[in-house]
1. Can you name every residue in the range 28-44 that is farther than 19 Å from residue 138 by Cα and within 9 Å of the chain's Cα centre (by Cα)?
2. Scan the range 47-65 residue by residue and report those that are over 20 Å from residue 13 (Cα atoms) and in contact with a strand residue (DSSP E or B) (Cβ under 8 Å, 6 or more places away or on another chain).
3. Just for the range 22-37: of the residues that are at pLDDT below 90 and touching a strand residue (DSSP E or B) at 6+ places or on another chain (Cβ under 8 Å), which one is nearest to residue 66 (Cα to Cα)?
4. Touching a strand residue (DSSP E or B) at 6+ places or on another chain (Cβ under 7 Å), surrounded by 19 or more Cβ atoms within 10 Å (Cβ to Cβ) and either at pLDDT below 90 or within 15 Å of residue 111 (Cα to Cα) (or both): does that describe residue 68?
5. Inspect all residues belonging to the range 170-181 and state whether any of them is assigned to a loop (DSSP other than H, G, I, E, B), closer than 22 Å to residue 30 by Cβ and at pLDDT 50 or above.
6. Just name the residue that is surrounded by the fewest Cβ atoms within 10 Å (Cβ to Cβ) out of those in the range 131-162 that are in a loop (DSSP other than H, G, I, E, B) and at pLDDT 95 or above.
7. If I go through the range 104-130 residue by residue, how many of them are more than 24 Å from residue 166 (Cβ to Cβ) and either without any contact (Cβ under 8 Å) to a residue 12 or more places away in the chain or part of a strand (DSSP E or B) (or both)?
């Protein structure tokens, strides 16, 4: 019997539409995936251990409605705690004042699927994961289970499977603009 490790999770899972994919958020380095500075007032604040975060491509990623990445959160650390625990990896955040300001959290994952420029088109049965607007939405555990099974069937193991759609030499994210509407997750 296949055990996926999250059937009894009962936590919260989130999907959001990515404006761009520069390699900053998410950031993959040293077998880990980090998310910080883009969804700091919503997902990065709310996500807990074993929650899943899914990035769906927006028009700016050149991969609209496709799966850019999915990560299972191992830790949700304050920036200071992240910098102490991961001094080498934290260097990528230091130049970005918004991402390294007090109160910013960093999500850390060692179980992730990053596709970037090889973003996957999702089948109809996973259409509930796709978000077609700014902001974020909650995703049911059942949808995470379906996604994981779909990735397993395609032969994907956790890890990095692509490169950023909008590499760092393209205009870099200066921190996502805060939305004036109340968060909807």
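The values are calculated or read from the model by the stated rules, or taken from the named source; none is laboratory data. Being a predicted model, the structure only gives us computed values, none of them experimental. Every residue, glycine as well, gets a Cβ built from its backbone with ideal geometry; the counts of neighbours run over all protein chains shown.
1. Restricting attention to the range 28-44, the residues satisfying the condition of being farther than 19 Å from residue 138 by Cα are 28-34, 37.
Once the filter is applied, which keeps residues that are farther than 19 Å from residue 138 by Cα and within 9 Å of the chain's Cα centre (by Cα), the range 28-44 yields 33, 34.
2. Within the range 47-65, 60, 61, 63, 64 meet the criteria.
3. Among those that are at pLDDT below 90 and touching a strand residue (DSSP E or B) at 6+ places or on another chain (Cβ under 8 Å), it is 25.
4. Working: touching a strand residue (DSSP E or B) at 6+ places or on another chain (Cβ under 7 Å): yes; surrounded by 19 or more Cβ atoms within 10 Å (Cβ to Cβ): yes; either at pLDDT below 90 or within 15 Å of residue 111 (Cα to Cα) (or both): yes.
Here the answer is yes, as residue 68 does meet what is asked.
5. The initial filter retains those residues of the range 170-181 that are assigned to a loop (DSSP other than H, G, I, E, B), namely 170-181.
In the following step, the residues that additionally are closer than 22 Å to residue 30 by Cβ were identified as 172-173.
Pick out the ones that are also at pLDDT 50 or above and you get none.
No, every residue in the range 170-181 fails to be assigned to a loop (DSSP other than H, G, I, E, B), closer than 22 Å to residue 30 by Cβ and at pLDDT 50 or above.
6. Step one: list which residues in the range 131-162 are in a loop (DSSP other than H, G, I, E, B), which gives 131-135, 140, 154-158, 161-162.
Then drop every residue that is not at pLDDT 95 or above, which leaves 154-158, 161-162.
On the way: 154: 8, 155: 6, 156: 14, 157: 8, 158: 18, 161: 17, 162: 18.
Among those residues, the one meeting the criterion is 155.
7. Of the residues in the range 104-130, 3 are more than 24 Å from residue 166 (Cβ to Cβ) and either without any contact (Cβ under 8 Å) to a residue 12 or more places away in the chain or part of a strand (DSSP E or B) (or both).
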